[in-house]
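A.B. asks: A single structure is presented below for examination.
The values are calculated or read from the model by the stated rules, or taken from the named source; none is laboratory data. Because the structure is predicted, anything quoted here is derived from the model rather than measured. Here Cβ is always computed from backbone atoms with ideal geometry, including for glycine, and neighbour counts include all displayed protein chains.
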Amino acid sequence: MLAVRDLRVTFPRTGGDFAAVDGVGFDVAPGEFFVVIGESGSGKSMTGSAIMGLTPPSARVAGSIRLHGRELAGLPDVAMRPIRGREIGLVHQDPLSAMNPARPVGAQIAEALHIHRLADRQEAARRAVALLARVHVPDASRVAQAYPHEISGGMRQRAMIAMALACQPGLLIADEPTTALDVTIKAQVLALLAELRQEMGLAVLLITHDMGVVAELADRILVMYAGRVAEIGSAESVLRAPRHPYTRALMQSAAISELPFKQLLPAIAGTPPGHATRPSGCAFHPRCPRAEADCAVVVPPLQPLPAGALACHHPLARAAVPA
Amino acid sequence: MSGSALAIRRARRLPPMPPAIVVIAWLAIAVLLLFALVPDWLAPHSPIALDILHRLQPPGLAHPFGTDEAGRDIFSRVIYGTRYSLGLAIVIVFSAALFGVAYGAISGMAGRRLDNLMMRVVDVFFGFPVLVLALAVAAALGRGLSSVALALGVIWWPGFARLVRGEVQRIRERPHVEAARALGVRGVALMRRHIIPFVVQEVNVRVTTDIGYALVAITALSFLGLGAQSPTPEWGLLIRDSRSYFGDAWWYLVFPGLMVMLTTAAFSITGDWLARDRHLGRGG
């Protein structure tokens, strides 16, 4: 349903444009749980913003974003309006700042219905309560009357999801939806996303930096590094047999492998490239244990694999199963 | 933070009591509003009734603020004058705020080019000297309070436009505005529900303090003879008329002058208090 091709989001700067997203492409099938993973600055959130048409005013978006075959890239704001909320829902990282602090939670959910003329005021208010109940908010009619600061973080994120789902979009983009939550709540919210996707046939595009989050839920995984695709493939193949050294490093730094207690989790050496400089060749080469001379010079092309694609000059062997 | 469903925290505490001086300012404003609304209930005498036998009487029981050169009761004239001086100040500032907020909101949401154009227009109005404009309007339309209102209204709105434009540009970057846009909210609805409510408090502060400044401007223009004409009991005009008798009748000058000063102070104090507390309403 969603087909992204050669997406580039660039910011004009003196001395050459900066590409926050640099030639990213992927497909999301209906009902699929698709995960985009990467460190801060990898361009994963900017990819989400580009799909919603909500990039900052100075950004230039190139490439193609097709939803059900319809081109979204380059659509003016007015034309994006019926798509935002109606066809693509967005769940934000921090529901407290993403909600209007001066309006009750229920009114904000109802607004989505009202804006897209799916319900009159009374009906919208009634459905807002039903939606809150749908995302397992207990005492939904009371929570609907509450202001965002009056409910707990977990409830807020559930309300945010209810808001994004109000108009029954086919695709839900969740941009780090669990970052602001503590561990137990995080698991509940992810379970909710999985449940909704199962029961509503919703496609979910989850943007995260946390490998631990994706292991159980993802159908397919896109690993991004410095604005480019490092590796893309089915969750099974990416998690069981990562081919890109960066993917493996990400996995090793997350606590999903059954490491014995007290063993320190290995960190990835160095820091991800910032906005100032991007390394030449493969952007990961300064931090890569397998880097050789050619990595610093030639950008590795994205090569198709049986179950995905990979951009690496010296990939890990297919059989390699870490930990 | 508990994940409990019933973690609705009803933390609506009563705001702390404002300091005594603010309460006094509020009382003063309440009395002034009464003066403006129902002067005939409060004034002991008619503001225009002549009584030549008792001209230029010092303050006493019959005339708390004394009488003027025609024997009119200054206390009553001051009470009736509230409607002209303060009433007009309120009208000017409110109309300026209404127009300025709409103008600033449009400019704040507009693209760079339109915004630039609209702000240059504001600059032109900002740069215009009040006195010259007031003279021009008085020359064109004749002297009177309506000329004063027109001149001050034209001068006053750009301040609101600039304030609101800046605030709108600041608030439209907030995550909740982007979240609302992600839901498909645009245009007027976005403005009205997700941006303006967060600008209102700044505007309230500005309106309150500006009423005091507008009052001073009105009385100043009347004092210069451009505003109210006799026998309107406008405060600035009272001060103007008192000049010839200053040596013999201090009360004629002092009481209207005190009213201008106290009114401005009351609004200024209230405005400062609003400004100090405005962060309270800015939910987390």
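A.B. asks: Return the residues of the range A:216-229 that are within 15 Å of A:Arg278 (Cα to Cα) and of a type in the set (A, V, I, L, M, F, W, C); say none if nothing qualifies.
C.D. replies: Selection gives A:Met224, A:Ala226, A:Val229.
A.B. asks: State all residues of the range A:180-195 that are more than 13 Å from every other protein chain (Cβ to nearest Cβ) and either of a type in the set (S, T, N, Q) or within 13 Å of A:Gly89 (Cα to Cα) (or both); if no residue qualifies, say none.
C.D. replies: Matches in the range A:180-195: A:Leu193 only.
A.B. asks: When the range A:81-107 is examined, which residues are found to be polar (S, T, N, Q) and facing another protein chain (nearest Cβ under 8 Å)?
C.D. replies: A:Ser97, A:Asn100, listed by residue number.
A.B. asks: Only one of these conditions is not met by A:Arg81: (1) under 30 Å from A:Thr47 (Cβ atoms); (2) in contact with a helix residue (DSSP H, G or I) (Cβ under 7 Å, 6 or more places away or on another chain); (3) of a type outside the set (A, V, I, L, M). Which number is it?
C.D. replies: Of everything listed in (1) under 30 Å from A:Thr47 (Cβ atoms); (2) in contact with a helix residue (DSSP H, G or I) (Cβ under 7 Å, 6 or more places away or on another chain); (3) of a type outside the set (A, V, I, L, M), A:Arg81 misses just condition (2).
A.B. asks: Does any residue of the range B:106-114 turn out to be within 23 Å of the chain's Cα centre (by Cα) and among the hydrophobic types (A, V, I, L, M, F, W, C)?
C.D. replies: no
A.B. asks: Do any helices (runs of 4 or more DSSP H) entirely within the range B:11-112 hold 2 or more residues that are over 17 Å from B:Leu262 (Cα atoms), and if so, which?
C.D. replies: It comes to B:39-42, B:74-109.
A.B. asks: What strands (runs of 3 or more DSSP E) completely inside the range A:151-250 contain at least 3 residues that are under 25 Å from B:Val177 (Cα atoms)?
C.D. replies: It comes to A:171-175, A:203-208.
A.B. asks: Tell me which residues, restricted to the range B:188-236, are more than 20 Å from the chain's Cα centre (by Cα) and closer than 30 Å to A:Ala164 by Cβ.
C.D. replies: Answer for the range B:188-236, where residues must be more than 20 Å from the chain's Cα centre (by Cα) and closer than 30 Å to A:Ala164 by Cβ: B:Val188, B:Ala189, B:Leu190, B:Met191, B:Arg192, B:Arg193, B:His194, B:Ile195, B:Ile196, B:Pro197, B:Phe198.
A.B. asks: State which residue is modelled with the lowest pLDDT when the search covers only the range A:165-189 and only residues that are within 13 Å of the chain's Cα centre (by Cα) and closer than 27 Å to A:Ala249 by Cα.
C.D. replies: Taking the candidates together, the pick is A:Thr179.
A.B. asks: Examine the range A:40-60 for a residue that is surrounded by fewer than 19 Cβ atoms within 10 Å (Cβ to Cβ), modelled with pLDDT under 95 and among the basic types (Lys, Arg), and state whether such a residue exists.
C.D. replies: Among the residues of the range A:40-60, at least one is surrounded by fewer than 19 Cβ atoms within 10 Å (Cβ to Cβ), modelled with pLDDT under 95 and among the basic types (Lys, Arg), which makes the answer yes.
A.B. asks: Something else: Looking at (1) under 24 Å from the mean Cα position of the chain (by Cα); (2) β-branched (Val, Ile, Thr); (3) within 7 Å of chain A (Cβ to nearest Cβ), which is the one condition that is false for B:Val185?
C.D. replies: (1)
A.B. asks: How do the pairs read when you match residues in the range B:160-182 that are more than 14 Å from chain A (Cβ to nearest Cβ) with residues anywhere that are outside any helix (DSSP H, G or I) and crowded, with 19+ Cβ neighbours inside 10 Å, using Cβ under 7 Å and keeping only pairs 6 or more apart or on different chains?
C.D. replies: If the second residue must be outside any helix (DSSP H, G or I) and crowded, with 19+ Cβ neighbours inside 10 Å, the pairs left are B:Val164/B:Val199; B:Glu167/B:Val199; B:Val168/B:Val199.
A.B. asks: Then there's this: Tell me, yes or no, whether the range B:236-252 has at least one residue that is among the polar types (S, T, N, Q) and at pLDDT below 95.
C.D. replies: Yes, because at least one residue in the range B:236-252 is among the polar types (S, T, N, Q) and at pLDDT below 95.
A.B. asks: Among the residues of the range A:103-115, are any under 28 Å from A:Leu181 (Cβ atoms), part of a loop (DSSP other than H, G, I, E, B) and more than 21 Å from the chain's Cα centre (by Cα)?
C.D. replies: Checking the range A:103-115: at least one residue is under 28 Å from A:Leu181 (Cβ atoms), part of a loop (DSSP other than H, G, I, E, B) and more than 21 Å from the chain's Cα centre (by Cα).
A.B. asks: Just the residues that are surrounded by fewer than 22 Cβ atoms within 10 Å (Cβ to Cβ) and farther than 13 Å from B:Ala249 by Cα, please, taken from the range B:61-71.
C.D. replies: B:Leu61, B:Ala62, B:Pro64, listed by residue number.
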